[in-house]
Amino acid sequence: MKLVVLIPAYNEEGLIEKTILSIPRKVLGVDDLKILVIDDGSKDNTATLAINAGADKVVTHKKNSGVGAAFMTGIRNAIHMDADIVVTIDADSQFDSNEIPEMIAPILNRQADVVIGSRFLGNIPKNIPKIKLIGNKIFSKIISTLVSQKFSDTQTGFRAYSKNALLDISVVNDFTYTQEVLLDLKFKGHSIVEVPIKVKYDDKRKSRVVKSIFGYSVRSLSIIGRTLVYHRPMLSFNILGLLFCIVGVVGKLLTIGDIFTINTELTTGMIILGGVSFMMGLFASVVFRRQAFAEKNLRHYLDNSKVLTRDRE
């Protein structure tokens, strides 16, 4: 059983060594543990210090591309390293790496494909900004509603993924991955569980991702919306079409009843847009279904290729 600990990092020369050195080299149920650092275009000595601290592999982006891009670079490299389990952990040492055994236990016991380290299953962490706590609760509620499973922490970077989950991850957004990967894997049928973890917050440290609460919220909602359209196109476009139709019909009824005069062309256009949305949902459903089949066939081909390679060896 091979475990790869994936650490996305950007300008973390002050903490990357501490983070790497804190990772236990021996974990129950793991035969081989490797540390993989993705340096997302740092302008400091993050990459050099990571190697000196004992990272087994450091991959550097030429420019800062975002934590989502760093995550996917890490996933691709972990698959190439033939990882059976990948644990992602932040580079700022806020998580306790000694909890890695608890993180991977549900995967080792075949109880889950993905494990989320939740900061809020126990007590609320000290020094966590109130606005960040409120935002996390809102986004966790949105994700929980969309996938019909209750989550307490959908923003955490401390997670574990099984090999089956790794081969299914399709994150296309470079900004962040935390919400998208949960929607992506849950909609693909993977089981996800949460385990409580400890976290230490430095109230003087500024987030590398959340530079503006408003900007982060808008971009995250956009990511969630696009992911929902990709995985549930019929539902997404049908809701949009229904809204257009309702507005158009209500507008016509108000005009006919002399309650409020609305341009006839406008209300008719809204109803037509509703019909177009329904048709787009059907078309998108076919396109995305073909894409899903293509991904499934590719994974099947890769699995068979590995089997043939091992047989020849």
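Listed values, structure above:
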read-out: The chain: DSSP helices with Cα axial extent of at least 18 Å and average Kyte-Doolittle hydropathy no lower than 0.5; value: 67-80, 130-147, 213-231, 233-256
read-out: Dipole moment magnitude, nearest 20 debye, segment 57-142 about Cα centre, only Lys, Arg, Asp, Glu C-beta charged; value: 540
read-out: Accessible area per residue, Å², the chain with all protein chains present, probe 1.4 Å; value: 55
read-out: For segment 19-34, 3J(HN,Hα) per residue [Karplus equation, 6.51 cos²θ - 1.76 cosθ + 1.60, θ = phi - 60°, Hz, x = Gly/Pro]; value: 5, 5, 5, 7, 6, x, 7, 10, 10, 4, x, 10, 8, 9, 10, 10
read-out: Nearest-20 debye value, the chain charge dipole, Cβ charges on Lys, Arg, Asp, Glu; value: 320
read-out: Given K150/K252; K62/K141; K18/K132; K130/K186; K2/K126, the pairs whose alpha carbons are separated by over 31 Å; value: K150/K252; K62/K141; K2/K126
read-out: Mean Cβ neighbour count within 10 Å, used as a protection proxy, ranking 43-51, 88-96, 2-10 highest first; value: 2-10, 88-96, 43-51
read-out: The chain, accessible surface, carbon-and-sulfur percent (1.4 angstrom probe); value: 59
read-out: Peptides 54-65, 191-202 ordered by average Cβ neighbours within 10 Å, highest first; value: 191-202, 54-65
read-out: Calculated Kirkwood radius over Cα pairs in Å (choose from [x] 21.6; [y] 19.8; [z] 20.5), label; value: [x]
read-out: Options I272, I100, T178, ranked by Cα towards positive dipole end of the chain, top entry (Cβ charges); value: I272
read-out: Computed accessible area, D82, all protein chains, 1.4 angstrom probe, square angstrom; value: 60
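The values are calculated or read from the model by the stated rules, or taken from the named source; none is laboratory data. The shown structure was predicted, so the numbers you read here are calculated from the model rather than taken from an experiment. Please note: Cβ atoms are built from the backbone with ideal geometry, for glycine as well, and neighbour counts cover all protein chains shown. Keep in mind that these areas ignore ligands, DNA and RNA; they rest on the heavy atoms of the full protein, side chains included. Shrake-Rupley method; radii C 1.70, N 1.55, O 1.52, S 1.80 Å.
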